[in-house]
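The values are calculated or read from the model by the stated rules, or taken from the named source; none is laboratory data. Quick caveat, the model's predicted, so the values are computed rather than measured. With ideal geometry, Cβ positions are generated from the backbone for all residues, glycine too; neighbour counts draw on all protein chains shown.
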Amino acid sequence: MSNISTASMDALKFIVGDQGYRDHLALELLDPGFHKDNLQADLALLPQTTEHVAEILKYCYENDIAIVPQGGRSGLAGGCTSRSGQVIVMTDKLDRIVEIDPHERIAIVEAGVTLQALQDALEKYDLSVGIDLGARGTATIGGMVATNAGGMEAFRYGSMRQRIVGLTAVLPDGKILKDMPRVAKCNEGYDIKQLFCGAEGTLGIITSVILQLESSSSYATTMLAACPNAKAAVKIFRHLQNTCELELLRGEIMWREYAHKVADKISLKQVLNFCDSPFYVLYEVSPRITNIELDEMLAESLMPLMESGDVFDLIVASSERERDEIWRIREDSFVIDHGLDTSLWYDVSVPLSQLDNYAEQLQQQLILLDTDINAYIMGHLGDGNLHMTIGADKPLRAEIQNAISAAVEAGLKSIGGSFSAEHGIGTDKRKSLQAYGDPEKLKLMKLIKKAFDPKGLMNPGKII
Ligand SMILES: Cc1cc2nc3c(=O)[nH]c(=O)nc-3n(C[C@H](O)[C@H](O)[C@H](O)COP(=O)(O)OP(=O)(O)OC[C@H]3O[C@@H](n4cnc5c(N)ncnc54)[C@H](O)[C@@H]3O)c2cc1C
């Protein structure tokens, strides 16, 4: 039995037409994505235009109906969860790439365009979104703006916040905010569109954006370096960044326990046979100069770091299959979570100079809690952005789970890190935000939320 009246359901369905909604039964057949409660609402609407979204939100505002925006449902912080009495607005049909201008180097896209679709469309122009992440096939541009997604190239071009130059959004009362300059420089007072970055759908629904584009690197060499510690990994990272013949495209760090566990689970143990090492780092580089013998150049360039012991050993992918195998060890992280009785997932930022200390101290605290707890750590090296699965092959009591979260998060603020790096707050990290957020900032966040959404109807229960 729905908590929304039949009259309201009918009025909302009427706005989007027969093909534009999914009722409760249809939602049960759909993949909920990364949170089992994503599709608990009574109705999902699939508007085709910004005006549709505006009509839906106006109706919901006037009738006190709560809205949950959803893109690809690949978000990892519980930002899309819904329940009976709420209406989901899905952006699946807002999927047009409106314009790609290779000279201005901008793309105008609707919110429901997936990252992969845009990447594919940009290929013929040798251009890139300047951002990439594992969920590229499902994550939408709107969802990525809403979570301020980062990913593997954030150390080069920033997160979504740095990628957007324009944005259109529908406000909770149905009014349309259109802030769509095609230029990066636009100092016209408060930059309201930036508030939608990382707002996780709590201030309104993004319907289209203008993105800044970057040159793409068509040829990349992938290598896996074995090294003694994170300090050495950063040293190699900086060395590659400072090598003028090269462009460093990616740097992904994996602690030994993580790399070996994933390699074992996906039957790629042989990839790590070249060296049993405390750390593995995937570096991807592209030559800045054509006609360069990249393998030779790399071997020569990294020789001093091998002699100093910062690089134990190194393999360079010599085929697409080898490249793919190295990347799978980095990207198939979820095989670890699926194999554990208790698994807790964290996404934190740690200053680069503190990576070794932070991880060592964390391991010590975990051993004191329970010797059966393991931490599997990897992440985007350039940003000090660590993704961690911490868990055990047995159930862990709630007090122990809370103590694990405290061990991961409590010390981060004092060293200049963050308990929430790139996945957002959603429902999962609300308590952490209250615990570690600056009190004045939290007050301002509540005021901003109130100013945009006085009735509290936009994605309630998320962030604050
Ligand atoms: C395998 C895998 C790898 C990943 N790697 C990365 C990574 O490297 N870096 C990273 O940052 N993230 C990563 N993620 C997380 C996820 O892909 C990102 O958070 C992504 O930005 C979510 O996009 P989405 O379209 O799926 O959004 P959803 O999951 O649908 O929604 C996320 C949040 O945004 C809101 N929202 C969605 N669309 C809109 C809209 N149009 N207007 C307003 N609010 C909206 C939702 O209400 C929700 O709060 C990964 C996820 C997976 C599964």
- Query: Do we have Val285 as part of a helix (DSSP H, G or I) and touching a Ser or Thr at 6+ places or on another chain (Cβ under 7 Å) here?
  - Reply: no
- Message: Anything in segment 328-360 that is assigned to a helix (DSSP H, G or I) and touching a Leu at 6+ places or on another chain (Cβ under 7 Å)? List them, or say none.
- Response: Arg328, Ile329, Arg330
- Out of curiosity, is Gly17 crowded, with 23+ Cβ neighbours inside 10 Å and of a type outside the set (D, E, K, R)? no
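Here is a check on your reading of the model: is Leu282 at pLDDT below 95, within 21 Å of Pro228 (Cβ to Cβ) and crowded, with 18+ Cβ neighbours inside 10 Å?
So Leu282 does not fit the description; no.
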- Considering residues that are away from the ligand (no atom under 14 Å from the Cβ) and closer than 26 Å to Leu457 by Cβ, the number found within segment 157-178 is 5
- Query: How many residues are among the basic types (Lys, Arg) and surrounded by fewer than 19 Cβ atoms within 10 Å (Cβ to Cβ) when one looks only at segment 326-368?
  - Reply: 1
- Message: Can you list the helices (runs of 4 or more DSSP H) lying wholly within segment 149-243 that have 1 or more residues being without any contact (Cβ under 8 Å) to a residue 24 or more places away in the chain and in contact with an Asp or Glu (Cβ under 7 Å, 6 or more places away or on another chain)?
- Response: 192-195
- Residues of segment 35-77 that turn out to be part of a loop (DSSP other than H, G, I, E, B) and of a type in the set (D, E, K, R), as a count: 5
- Message: If Ala184 satisfies all but one of (1) touching a strand residue (DSSP E or B) at 6+ places or on another chain (Cβ under 6 Å); (2) modelled with pLDDT of 95 or more, what's the number of the condition it fails?
- Response: (2)
- Message: Just checking, does segment 376-399 include any residue being in contact (Cβ under 8 Å) with a residue 40 or more places away in the chain, among the β-branched types (Val, Ile, Thr), farther than 24 Å from Leu272 by Cα and not assigned by TED's automatic domain parsing to the domain that holds Leu248?
- Response: no
- Query: Does Ile373 count as away from the ligand (no atom under 16 Å from the Cβ), modelled with pLDDT of 95 or more and under 24 Å from Leu340 (Cα atoms)?
  - Reply: yes
- Provide a single number: the residues in segment 17-48 that are in contact with an Asp or Glu (Cβ under 9 Å, 6 or more places away or on another chain) and hydrophobic (A, V, I, L, M, F, W, C). 5
- Task: Hey, could you check segment 2-25 for residues that are at negative phi and assigned to a loop (DSSP other than H, G, I, E, B) and say which is farthest from the ligand (Cβ to nearest atom)?
- Result: Ser5
- Look through segment 426-464, keep the residues that are under 22 Å from the mean Cα position of the chain (by Cα) and outside any loop (DSSP other than H, G, I, E, B), and return whichever of them is surrounded by the most Cβ atoms within 10 Å (Cβ to Cβ). Met458
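Let's see how each residue does on (1) away from the ligand (no atom under 16 Å from the Cβ); (2) not assigned by TED's automatic domain parsing to the domain that holds Arg256:
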site: Ser319; (1), (2): yes, no
site: Leu340; (1), (2): yes, yes
site: Tyr346; (1), (2): no, yes
site: Ser353; (1), (2): yes, yes
site: Asp356; (1), (2): yes, yes
site: Leu362; (1), (2): yes, yes
- Filter segment 63-121 down to the residues that are away from the ligand (no atom under 14 Å from the Cβ) and within 14 Å of Asp42 (Cβ to Cβ), then identify the one that is surrounded by the fewest Cβ atoms within 10 Å (Cβ to Cβ). Ser84
- Message: So the check is Cβ under 8 Å with 6+ separation or different chains; which pairs have a first residue in segment 269-281 that's part of a strand (DSSP E or B) and a second one that's surrounded by fewer than 18 Cβ atoms within 10 Å (Cβ to Cβ)?
- Response: Phe279/Pro228; Phe279/Asn229; Phe279/Arg256; Tyr280/Arg256
- Task: Could you list, in sequence order, all residues of segment 26-40 that are more than 12 Å from the ligand (Cβ to nearest atom) and touching a Leu at 6+ places or on another chain (Cβ under 7 Å)?
- Result: Leu27, Leu30
- Item | Filter result for Gly166 (crowded, with 19+ Cβ neighbours inside 10 Å and over 23 Å from Glu99 (Cβ atoms)) | no
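Table: residues versus (1) assigned to a helix (DSSP H, G or I); (2) small (Gly, Ala, Ser).
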site	(1), (2)
Thr290	no, no
Glu296	yes, no
Pro304	yes, no
Asp310	no, no
Ile315	no, no
Ser318	no, yes
- Query: Are any residues in segment 185-201 under 23 Å from the mean Cα position of the chain (by Cα) and either away from the ligand (no atom under 13 Å from the Cβ) or over 19 Å from Pro69 (Cβ atoms) (or both), and if so, which ones?
  - Reply: Asp191, Ile192, Gln194
- Task: Please find, within segment 122-148, the residue that is farthest from the chain's Cα centre (by Cα) out of those that are closer than 29 Å to Ile56 by Cβ and either more than 10 Å from the ligand (Cβ to nearest atom) or in a strand (DSSP E or B) (or both).
- Result: Val129
